[in-house]
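The values are calculated or read from the model by the stated rules, or taken from the named source; none is laboratory data. Since the structure is predicted, the reported quantities are computational estimates derived from the model, not experimental observations. Here Cβ is always computed from backbone atoms with ideal geometry, including for glycine, and neighbour counts include all displayed protein chains. Each accessible area value is taken on the protein alone, full model and side chains, heavy atoms only, with ligands, DNA and RNA left out. Shrake-Rupley method; radii C 1.70, N 1.55, O 1.52, S 1.80 Å.
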Amino acid sequence: MTQQYRVTLLPGDGIGPEIMAVAVSLLKAVAPQFDLEFQFQSAPIGGAAIEATGEPLPPETLAQAKESDAVLLAAIGGYQWDSLPRAQRPETGLLAIREGLGLFANLRPATIFPELLDASSLKREVVEGVDIMVVRELTGGIYFGQPKGIFTLETGEKRGVNTMAYREGEIDRIAKVAFEIARKRRGKLCSVDKANVLDVSQLWRDRVELMAQSYPDVELSHLYVDNAAMQLVRAPRQFDTIVTGNLFGDILSDEAAMLTGSIGMLPSASLGSSGPGLFEPVHGSAPDIAGQDKANPLAQALSAAMMLRYGLDQPQAAAKIEEAVKAVLRQGYRTGDIFSPGARLVGCQAMGEALLANLGS
Ligand code: NAD
(Lines give C-alpha, C1' and ligand atoms only; values in the text may rest on other atoms or scores of the structure.)
Protein backbone atom coordinates (compact mmCIF):
# COMPACT_ATOMS: atom_id res chain seq x y z
CA MET A 1 0.00 0.00 0.00
CA THR A 2 1.26 3.47 -0.85
CA GLN A 3 2.46 5.32 2.24
CA GLN A 4 1.43 8.98 2.21
CA TYR A 5 3.27 11.79 3.97
CA ARG A 6 2.56 15.48 4.38
CA VAL A 7 5.80 17.42 4.25
CA THR A 8 6.04 21.12 5.06
CA LEU A 9 8.72 22.84 2.99
CA LEU A 10 10.36 25.96 4.39
CA PRO A 11 12.68 27.25 1.63
CA GLY A 12 13.50 30.47 3.53
CA ASP A 13 16.02 32.95 2.15
CA GLY A 14 19.17 33.31 0.06
CA ILE A 15 20.16 30.01 -1.53
CA GLY A 16 17.28 28.30 0.33
CA PRO A 17 14.82 28.09 -2.60
CA GLU A 18 17.56 26.83 -5.00
CA ILE A 19 18.71 23.96 -2.79
CA MET A 20 15.15 23.14 -1.71
CA ALA A 21 14.15 22.67 -5.37
CA VAL A 22 16.86 20.01 -5.70
CA ALA A 23 15.79 18.19 -2.52
CA VAL A 24 12.15 18.14 -3.63
CA SER A 25 13.08 16.72 -7.03
CA LEU A 26 15.00 13.91 -5.30
CA LEU A 27 12.11 13.09 -2.98
CA LYS A 28 9.74 13.01 -5.95
CA ALA A 29 12.12 10.66 -7.75
CA VAL A 30 12.53 8.16 -4.91
CA ALA A 31 8.84 8.17 -3.91
CA PRO A 32 7.52 5.73 -6.57
CA GLN A 33 10.55 3.47 -6.10
CA PHE A 34 9.53 2.82 -2.48
CA ASP A 35 5.76 3.15 -2.79
CA LEU A 36 5.69 6.55 -1.07
CA GLU A 37 3.61 9.62 -1.86
CA PHE A 38 4.55 13.09 -0.63
CA GLN A 39 2.15 16.00 -0.33
CA PHE A 40 4.41 19.04 -0.26
CA GLN A 41 3.21 22.35 1.08
CA SER A 42 5.51 25.38 1.20
CA ALA A 43 5.30 28.06 3.86
CA PRO A 44 7.27 31.25 4.55
CA ILE A 45 9.84 31.56 7.35
CA GLY A 46 12.68 33.98 8.09
CA GLY A 47 13.22 36.99 5.85
CA ALA A 48 10.70 35.74 3.28
CA ALA A 49 8.06 35.65 6.02
CA ILE A 50 9.05 39.11 7.31
CA GLU A 51 8.50 40.50 3.80
CA ALA A 52 5.14 38.70 3.43
CA THR A 53 3.68 39.15 6.93
CA GLY A 54 6.00 41.27 9.09
CA GLU A 55 6.93 38.30 11.32
CA PRO A 56 9.73 35.72 10.95
CA LEU A 57 7.45 32.82 11.93
CA PRO A 58 3.81 33.49 10.99
CA PRO A 59 1.36 31.48 13.13
CA GLU A 60 0.05 29.81 9.93
CA THR A 61 3.52 28.43 9.18
CA LEU A 62 3.85 26.91 12.66
CA ALA A 63 0.31 25.51 12.53
CA GLN A 64 0.96 23.92 9.15
CA ALA A 65 4.28 22.49 10.33
CA LYS A 66 2.60 20.92 13.36
CA GLU A 67 0.00 19.28 11.10
CA SER A 68 2.58 17.62 8.89
CA ASP A 69 4.61 14.42 9.19
CA ALA A 70 7.95 16.17 8.73
CA VAL A 71 9.36 19.64 8.12
CA LEU A 72 12.16 20.25 5.64
CA LEU A 73 13.90 23.61 6.04
CA ALA A 74 16.58 25.14 3.82
CA ALA A 75 18.09 28.28 5.38
CA ILE A 76 17.09 31.71 6.64
CA GLY A 77 18.72 35.11 6.97
CA GLY A 78 20.21 37.93 4.96
CA TYR A 79 21.98 41.25 5.38
CA GLN A 80 18.83 43.30 4.74
CA TRP A 81 17.18 42.03 7.95
CA ASP A 82 20.23 42.22 10.23
CA SER A 83 19.36 45.63 11.70
CA LEU A 84 15.76 44.78 12.66
CA PRO A 85 14.89 44.42 16.37
CA ARG A 86 15.71 40.89 17.64
CA ALA A 87 12.05 39.78 17.74
CA GLN A 88 11.71 40.46 13.99
CA ARG A 89 14.97 38.94 12.79
CA PRO A 90 14.95 35.80 10.63
CA GLU A 91 16.93 33.83 13.28
CA THR A 92 14.11 34.41 15.77
CA GLY A 93 11.81 32.49 13.42
CA LEU A 94 14.17 29.54 13.48
CA LEU A 95 14.36 29.44 17.28
CA ALA A 96 10.58 29.85 17.47
CA ILE A 97 9.80 26.92 15.19
CA ARG A 98 12.22 24.65 17.10
CA GLU A 99 10.51 25.65 20.33
CA GLY A 100 7.01 25.45 18.83
CA LEU A 101 7.59 21.88 17.67
CA GLY A 102 9.12 20.86 21.03
CA LEU A 103 12.37 19.69 19.42
CA PHE A 104 14.73 18.62 22.19
CA ALA A 105 17.13 16.33 20.29
CA ASN A 106 19.56 17.70 17.73
CA LEU A 107 21.25 15.18 15.46
CA ARG A 108 24.43 16.28 13.70
CA PRO A 109 26.21 13.67 11.59
CA ALA A 110 29.84 14.07 10.59
CA THR A 111 30.57 11.75 7.70
CA ILE A 112 33.74 11.79 5.67
CA PHE A 113 33.27 11.21 1.95
CA PRO A 114 36.43 9.57 0.54
CA GLU A 115 36.45 12.00 -2.41
CA LEU A 116 36.55 15.02 -0.07
CA LEU A 117 39.23 13.72 2.31
CA ASP A 118 41.59 16.54 1.42
CA ALA A 119 39.03 19.18 2.46
CA SER A 120 39.65 18.20 6.09
CA SER A 121 42.32 20.05 8.02
CA LEU A 122 43.33 16.76 9.64
CA LYS A 123 45.53 14.11 8.08
CA ARG A 124 43.94 11.70 5.65
CA GLU A 125 44.82 8.65 7.78
CA VAL A 126 43.12 10.20 10.83
CA VAL A 127 39.80 11.13 9.21
CA GLU A 128 39.41 8.38 6.62
CA GLY A 129 36.25 6.38 7.36
CA VAL A 130 34.89 8.78 10.02
CA ASP A 131 31.14 8.41 10.45
CA ILE A 132 29.87 10.01 13.68
CA MET A 133 26.44 11.07 14.88
CA VAL A 134 26.35 13.68 17.65
CA VAL A 135 23.05 13.73 19.55
CA ARG A 136 22.81 17.02 21.44
CA GLU A 137 20.17 17.93 24.02
CA LEU A 138 18.68 21.15 22.71
CA THR A 139 16.17 22.67 25.14
CA GLY A 140 17.69 22.24 28.61
CA GLY A 141 20.99 22.57 30.46
CA ILE A 142 22.92 25.76 31.03
CA TYR A 143 21.30 27.72 28.17
CA PHE A 144 17.92 27.58 29.89
CA GLY A 145 18.55 26.81 33.62
CA GLN A 146 17.43 29.27 36.32
CA PRO A 147 18.68 31.44 37.92
CA LYS A 148 20.34 33.25 35.06
CA GLY A 149 21.30 36.87 34.56
CA ILE A 150 23.74 39.54 35.63
CA PHE A 151 23.15 40.58 39.24
CA THR A 152 24.63 43.44 41.25
CA LEU A 153 26.06 42.44 44.63
CA GLU A 154 25.84 44.60 47.78
CA THR A 155 29.39 45.72 47.13
CA GLY A 156 28.31 47.10 43.74
CA GLU A 157 30.27 44.41 41.91
CA LYS A 158 28.35 42.60 39.19
CA ARG A 159 28.02 38.80 39.06
CA GLY A 160 26.97 36.82 35.98
CA VAL A 161 25.08 33.58 36.58
CA ASN A 162 23.91 30.65 34.50
CA THR A 163 22.71 27.36 35.90
CA MET A 164 23.37 23.95 34.43
CA ALA A 165 20.39 21.84 35.43
CA TYR A 166 18.77 18.69 34.07
CA ARG A 167 15.73 16.85 35.36
CA GLU A 168 15.67 13.05 35.19
CA GLY A 169 12.93 13.17 32.57
CA GLU A 170 14.95 15.48 30.33
CA ILE A 171 17.96 13.16 30.50
CA ASP A 172 15.87 10.04 29.93
CA ARG A 173 14.20 11.32 26.77
CA ILE A 174 17.44 12.40 25.08
CA ALA A 175 19.17 9.18 26.18
CA LYS A 176 16.33 7.16 24.64
CA VAL A 177 16.66 9.00 21.32
CA ALA A 178 20.42 8.37 21.34
CA PHE A 179 20.12 4.64 22.15
CA GLU A 180 17.54 4.23 19.38
CA ILE A 181 19.85 5.98 16.90
CA ALA A 182 22.90 3.98 17.99
CA ARG A 183 20.81 0.85 17.43
CA LYS A 184 20.09 1.98 13.82
CA ARG A 185 23.82 2.63 13.29
CA ARG A 186 26.79 0.53 14.50
CA GLY A 187 25.44 -0.08 18.02
CA LYS A 188 27.97 2.03 19.95
CA LEU A 189 27.01 4.98 22.16
CA CYS A 190 29.42 7.29 23.99
CA SER A 191 27.86 9.57 26.61
CA VAL A 192 29.87 12.74 27.24
CA ASP A 193 29.69 14.60 30.56
CA LYS A 194 31.82 16.15 33.29
CA ALA A 195 30.76 13.82 36.09
CA ASN A 196 34.12 14.15 37.86
CA VAL A 197 33.24 17.77 38.72
CA LEU A 198 29.57 18.51 38.07
CA ASP A 199 26.67 17.05 40.06
CA VAL A 200 24.33 17.59 37.12
CA SER A 201 26.66 15.38 35.06
CA GLN A 202 26.63 12.66 37.75
CA LEU A 203 22.84 12.54 37.47
CA TRP A 204 23.21 12.49 33.65
CA ARG A 205 25.58 9.51 33.88
CA ASP A 206 23.36 7.61 36.36
CA ARG A 207 20.26 8.01 34.15
CA VAL A 208 22.11 7.03 30.98
CA GLU A 209 23.41 3.90 32.78
CA LEU A 210 19.85 3.08 33.82
CA MET A 211 18.53 3.54 30.29
CA ALA A 212 21.30 1.23 29.00
CA GLN A 213 19.59 -1.70 30.73
CA SER A 214 16.80 -1.46 28.13
CA TYR A 215 19.34 -1.53 25.29
CA PRO A 216 21.58 -4.58 25.88
CA ASP A 217 22.44 -4.58 22.16
CA VAL A 218 24.05 -1.11 22.40
CA GLU A 219 27.59 -0.84 23.77
CA LEU A 220 27.70 2.17 26.13
CA SER A 221 30.82 4.09 27.14
CA HIS A 222 31.38 7.40 28.96
CA LEU A 223 33.92 10.16 28.41
CA TYR A 224 34.58 13.43 30.21
CA VAL A 225 34.03 16.32 27.83
CA ASP A 226 37.65 17.51 27.86
CA ASN A 227 38.84 14.03 26.90
CA ALA A 228 36.08 13.74 24.26
CA ALA A 229 37.26 16.99 22.65
CA MET A 230 40.80 15.55 22.44
CA GLN A 231 39.72 12.13 21.21
CA LEU A 232 37.63 13.67 18.41
CA VAL A 233 40.72 15.11 16.77
CA ARG A 234 43.15 12.36 17.91
CA ALA A 235 41.22 9.26 16.83
CA PRO A 236 37.73 10.18 15.57
CA ARG A 237 37.05 6.73 14.09
CA GLN A 238 36.53 5.33 17.61
CA PHE A 239 33.15 7.12 17.75
CA ASP A 240 29.81 5.95 16.39
CA THR A 241 27.02 7.81 18.25
CA ILE A 242 27.75 10.48 20.89
CA VAL A 243 25.10 11.80 23.29
CA THR A 244 25.63 14.89 25.39
CA GLY A 245 24.01 17.95 26.97
CA ASN A 246 23.29 21.29 25.36
CA LEU A 247 26.55 23.17 26.04
CA PHE A 248 28.94 20.27 25.45
CA GLY A 249 26.95 19.26 22.38
CA ASP A 250 27.06 22.76 20.92
CA ILE A 251 30.86 22.67 20.97
CA LEU A 252 31.47 19.01 20.13
CA SER A 253 29.01 18.93 17.22
CA ASP A 254 30.84 21.82 15.54
CA GLU A 255 34.19 20.17 16.25
CA ALA A 256 32.99 16.85 14.80
CA ALA A 257 31.44 18.57 11.77
CA MET A 258 34.67 20.32 10.94
CA LEU A 259 36.46 16.98 10.66
CA THR A 260 34.71 16.84 7.28
CA GLY A 261 36.02 20.27 6.29
CA SER A 262 33.10 21.48 4.20
CA ILE A 263 29.95 23.22 5.37
CA GLY A 264 28.00 22.59 2.17
CA MET A 265 27.91 18.85 2.99
CA LEU A 266 26.45 18.86 6.52
CA PRO A 267 22.81 17.98 7.25
CA SER A 268 21.06 17.99 10.63
CA ALA A 269 17.83 16.87 12.26
CA SER A 270 15.92 18.04 15.31
CA LEU A 271 13.42 15.69 16.91
CA GLY A 272 10.75 15.91 19.62
CA SER A 273 9.00 13.15 21.53
CA SER A 274 5.99 13.18 19.21
CA GLY A 275 5.04 15.26 16.20
CA PRO A 276 7.14 16.13 13.19
CA GLY A 277 10.91 16.52 13.20
CA LEU A 278 12.74 19.39 11.50
CA PHE A 279 15.45 18.61 8.96
CA GLU A 280 17.87 21.25 7.67
CA PRO A 281 21.42 21.79 6.48
CA VAL A 282 23.89 23.17 9.03
CA HIS A 283 24.93 26.03 6.76
CA GLY A 284 23.16 29.38 6.45
CA SER A 285 21.51 31.16 3.53
CA ALA A 286 24.84 32.10 1.86
CA PRO A 287 23.59 35.50 0.62
CA ASP A 288 26.95 36.07 -1.12
CA ILE A 289 26.10 33.43 -3.75
CA ALA A 290 22.28 33.50 -3.70
CA GLY A 291 20.52 33.49 -7.08
CA GLN A 292 23.73 32.64 -8.98
CA ASP A 293 23.26 28.88 -9.31
CA LYS A 294 26.45 28.33 -7.28
CA ALA A 295 25.03 26.73 -4.13
CA ASN A 296 25.97 23.22 -3.10
CA PRO A 297 22.67 21.33 -2.69
CA LEU A 298 24.24 18.21 -1.11
CA ALA A 299 23.68 19.17 2.55
CA GLN A 300 20.04 19.80 1.65
CA ALA A 301 19.83 16.46 -0.16
CA LEU A 302 21.35 14.74 2.88
CA SER A 303 18.85 16.57 5.11
CA ALA A 304 16.05 15.10 2.98
CA ALA A 305 17.68 11.68 3.49
CA MET A 306 17.74 12.28 7.27
CA MET A 307 14.06 13.18 7.06
CA LEU A 308 13.35 9.85 5.39
CA ARG A 309 15.47 7.87 7.88
CA TYR A 310 14.77 9.56 11.23
CA GLY A 311 11.48 11.36 10.60
CA LEU A 312 9.51 8.97 8.39
CA ASP A 313 11.28 5.66 9.13
CA GLN A 314 12.03 4.98 5.46
CA PRO A 315 15.70 3.91 5.70
CA GLN A 316 15.84 2.38 2.22
CA ALA A 317 14.67 5.54 0.50
CA ALA A 318 17.14 7.50 2.67
CA ALA A 319 19.99 5.21 1.65
CA LYS A 320 19.07 5.69 -2.00
CA ILE A 321 19.59 9.46 -1.75
CA GLU A 322 22.78 9.02 0.30
CA GLU A 323 24.12 6.64 -2.35
CA ALA A 324 23.32 9.18 -5.07
CA VAL A 325 25.33 11.82 -3.16
CA LYS A 326 28.30 9.44 -2.91
CA ALA A 327 27.94 8.60 -6.61
CA VAL A 328 28.04 12.21 -7.87
CA LEU A 329 31.16 12.83 -5.78
CA ARG A 330 32.73 9.66 -7.20
CA GLN A 331 31.85 10.85 -10.70
CA GLY A 332 33.75 14.06 -10.02
CA TYR A 333 30.88 16.59 -9.85
CA ARG A 334 31.74 19.52 -7.58
CA THR A 335 30.13 22.85 -6.79
CA GLY A 336 32.54 25.74 -6.22
CA ASP A 337 32.76 25.33 -2.44
CA ILE A 338 34.16 21.76 -2.70
CA PHE A 339 35.95 22.14 -6.03
CA SER A 340 39.51 20.94 -6.52
CA PRO A 341 41.49 20.96 -9.77
CA GLY A 342 40.59 18.13 -12.12
CA ALA A 343 36.97 17.90 -10.92
CA ARG A 344 33.86 18.81 -12.96
CA LEU A 345 32.67 22.22 -11.78
CA VAL A 346 28.88 22.41 -11.82
CA GLY A 347 26.17 24.71 -10.50
CA CYS A 348 23.35 23.88 -8.14
CA GLN A 349 20.93 22.82 -10.87
CA ALA A 350 23.40 20.62 -12.71
CA MET A 351 24.36 18.95 -9.44
CA GLY A 352 20.65 18.28 -8.92
CA GLU A 353 20.41 16.71 -12.37
CA ALA A 354 23.47 14.54 -11.70
CA LEU A 355 21.85 13.34 -8.47
CA LEU A 356 18.62 12.53 -10.31
CA ALA A 357 20.54 10.58 -12.94
CA ASN A 358 21.99 8.45 -10.13
CA LEU A 359 18.54 7.80 -8.73
CA GLY A 360 17.56 6.22 -12.00
CA SER A 361 15.30 9.11 -13.05
P1 NAD B 1 26.59 30.75 5.69
O2 NAD B 1 26.62 29.33 6.13
O3 NAD B 1 25.35 31.23 5.04
O4 NAD B 1 27.81 31.05 4.71
C5 NAD B 1 29.18 30.89 5.10
C6 NAD B 1 30.04 30.70 3.84
O7 NAD B 1 29.82 29.38 3.34
C8 NAD B 1 29.69 31.66 2.70
O9 NAD B 1 30.85 31.99 2.00
C10 NAD B 1 28.77 30.85 1.82
O11 NAD B 1 28.80 31.23 0.45
C12 NAD B 1 29.31 29.44 2.01
N13 NAD B 1 28.23 28.44 1.92
C14 NAD B 1 27.31 28.13 2.87
N15 NAD B 1 26.48 27.19 2.43
C16 NAD B 1 26.86 26.90 1.17
C17 NAD B 1 26.38 26.02 0.17
N18 NAD B 1 25.32 25.22 0.38
N19 NAD B 1 27.01 25.99 -1.02
C20 NAD B 1 28.08 26.76 -1.25
N21 NAD B 1 28.59 27.62 -0.36
C22 NAD B 1 27.99 27.69 0.84
O23 NAD B 1 26.89 31.61 7.02
P24 NAD B 1 26.93 33.21 7.20
O25 NAD B 1 27.52 33.86 5.99
O26 NAD B 1 27.56 33.40 8.53
O27 NAD B 1 25.42 33.63 7.34
C28 NAD B 1 24.61 34.10 6.25
C29 NAD B 1 23.18 34.21 6.73
O30 NAD B 1 22.70 32.92 7.09
C31 NAD B 1 23.03 35.07 7.98
O32 NAD B 1 21.87 35.85 7.85
C33 NAD B 1 22.90 34.06 9.10
O34 NAD B 1 22.16 34.55 10.18
C35 NAD B 1 22.17 32.95 8.40
N36 NAD B 1 22.34 31.61 9.01
C37 NAD B 1 21.27 30.79 8.96
C38 NAD B 1 21.37 29.50 9.44
C39 NAD B 1 20.18 28.61 9.31
O40 NAD B 1 19.27 28.89 8.56
N41 NAD B 1 20.15 27.49 10.02
C42 NAD B 1 22.60 29.02 9.93
C43 NAD B 1 23.71 29.88 9.91
C44 NAD B 1 23.57 31.18 9.44
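An oblate overall shape is assigned to the range 113-262, the ratio a/c of its alpha-carbon gyration tensor axes (a ≥ b ≥ c) being 1.5 or greater and a/b not exceeding b/c.
Suppose the chain between SER221 and ILE251 were pulled fully straight at 0.36 nm per residue; how much longer would it get relative to their current alpha carbon spacing? Show your work: numbers first, answer last.
On the way: separation 30, 0.36 × 30 = 10.80 nm, distance 1.96 nm.
Full-extension gain reported as 8.8 nm.
Taking the Cβ-Cβ separation of GLN292 and SER83 as r and a Förster radius of 35 Å, what is the calculated FRET efficiency to the nearest 0.05?
On the way: r = 24 Å, r/R0 = 0.70.
Once the sixth-power term is evaluated, E becomes 0.90.
Only lysine pairs 8 or more places apart or on separate chains count here, and in the chain those with Cα atoms under 28 Å apart total 24.
What is the packing order of peptides 254-266, 326-338, 128-140, taking the mean over residues of other C-beta atoms within 10 Å and listing the highest first? Before the final figure, lay out the partial values.
Numbers: 254-266: 19.8, 326-338: 17.5, 128-140: 21.7.
Highest-to-lowest ranking by the protection proxy: 128-140, 254-266, 326-338.
Using only alpha-carbon positions in the range 64-113, the gyration tensor eigenvalues give semi-axes of 23, 18, 11 Å once each is multiplied by 5 and square-rooted (largest first). When you restrict to C-alpha pairs under 8 Å that are six or more residues apart and normalise by the size of the chain, the relative contact order lands at 22 percent. Given their separation in residues at 0.36 nm each and the Cα-Cα distance between them, GLU323 and LEU198 gain 40.8 nm when the chain is fully extended.
At 10 °C and 1.306 mPa s, what whole-number value in µm²/s does Stokes-Einstein give for the translational diffusion of the chain, with Rh from the Kirkwood sum over Cα pairs?
75 µm²/s
Basic side chains Lys and Arg get +1 at the Cβ, acidic Asp and Glu get -1 at the Cβ, and with that the dipole of the range 1-121 about its Cα centre reaches some 220 debye.
Counting only helical runs of four or more DSSP H residues, what would the 222 nm mean residue ellipticity of the chain come to if each run contributes -39,500 (n - 2.57) and the total is spread over all its residues? Theoretical 222 nm ellipticity from helices: -11500 deg cm²/dmol.
Potential lengthening of the chain between SER121 and ASN162 amounts to 11.4 nm, from the contour at 0.36 nm per residue minus the alpha-carbon distance.
Can you tell me which of 144-153, 73-82, 227-236 comes out highest on packing, and rank the rest after it, using the mean Cβ neighbours within 10 Å? Let's see the in-between values first.
Values: 144-153: 10.6, 73-82: 21.3, 227-236: 16.3.
Most protected by this proxy first, the peptides run 73-82, 227-236, 144-153.
Treating r as the C-beta distance of GLU91 and LEU153 and R0 as 30 Å, the FRET efficiency rounds to 0.35.
Here the mean projected area of the convex hull built on the C-alpha positions of the range 221-361 is 10.6 nm². Ranking GLN202, SER214, ALA229 by how far each Cα lies toward the positive end of the dipole of the range 113-262 (charges on Cβ) leaves SER214 at the top. Solvent-accessible area of the range 92-222 (1.4 angstrom probe, protein heavy atoms only): carbon and sulfur portion equals 51 percent.
Under a 1.4 Å probe, what is the accessible area of the range 113-262 per residue, stated in Å²? Walk me through the intermediate numbers first.
Numbers: 7610 Å² over 150 residues.
Here the per-residue accessible area is 51 Å².
About its Cα centre, the dipole of the range 113-262 is roughly 100 debye, where the only charges are +1 on Lys and Arg Cβ and -1 on Asp and Glu Cβ.
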